[in-house]
Amino acid sequence: TTLGGALAKILNLRGVSFDWIDKSRGEGRQVGVIAQEVEKVYPEVVLTNDAGLKSVNYPALVAPLIEAVKEQQGLINKLQSEVKQLKLEVSALRNK
C-alpha cells in the first residue's frame, strides 16, 4: 500500500546534530534524528532493545521520504500551473 500523508509526517521530524555521551558509539559530531521523536510519527521504524534503549532503523525512513518528495513535487507542479495560468490572464488583460 502506498504511504499516505508522508509529507505531513516528515515535516514533523527534526534533523539534529549531536555528540554521543558514550564515546564507544562514535566520536565527533553526528547527524540524525531523535528516536523518541520519530517514534511518535513512525513507531514502526524505531527499535527498543532489552535495556530500553531506542534506535532508528534509518533505511526504513527512505520510503516515507520518497513519498514526501513525490507529494511535494505534486504541489510544485500545481503551483507552477497556477502561476502559468495567472501570467496568461495578466498578459491578456495588458493586451486589452
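Roughly what angle does helix 62-94 make with the longest principal axis of the chain, taking Cα atoms, 0 to 90 degrees, to the nearest 10? It is inclined by approximately 20 degrees.
Here the relative contact order of the stretch 24-65, from alpha carbon pairs under 8 Å that lie six or more residues apart, stands at 29 percent.
In the chain, Cα pairs under 8 Å separated by at least six residues give a relative contact order of 27 percent. Extension gain for Leu65 to Ser91 (0.36 nm times residue separation, less C-alpha to C-alpha distance): 5.5 nm.
Close lysine pairs were tallied over the chain: pairs 8 or more places apart or on different chains with Cα atoms under 15 Å apart number 6.
The calculated FRET efficiency for Ser17 paired with Lys84, based on their beta-carbon distance and R0 = 41 Å, is about 0.55. Near Asp19: Cβ cut-off under 12 Å, other residues only, Lys/Arg at +1 and Asp/Glu at -1. The net charge is +1.
Tell me the net charge near Lys78. Cut-off is 12 Å between Cβ atoms, Lys78 excluded, with +1 for each Lys or Arg and -1 for each Asp or Glu.
Values: positive: Lys84; negative: Glu71, Glu82.
That sum, taken over residues with Cβ under 12 Å, equals -1.
The structure-derived value of Kirkwood radius over Cα pairs in Å appears in the list (i) 16.6; (ii) 15.0; (iii) 13.9 under the label (i).
Provide the net charge surrounding Glu39, with neighbours chosen by a C-beta distance below 15 Å and charges set as Lys +1, Arg +1, Asp -1, Glu -1.
On the way: positive: Lys9, Arg14, Lys40, Lys54; negative: Glu37, Glu44.
Net of charged neighbours comes to +2.
Quick check for you: which residues of the stretch 1-43 have the amide N under 20 Å from the point 7 Å beyond the Cα of Asn57 toward its beta carbon? Hits in the stretch 1-43 for Asn57 at 20 Å: 1-7, 9-10, 13-14, 32-43.
Each reported figure results from applying straightforward, stated rules to the coordinates on display, with no laboratory input. Here the structure is a predicted model, which means the values were calculated and not measured. We place every Cβ from the backbone using ideal geometry, glycine too, and count neighbours over all the protein chains shown.
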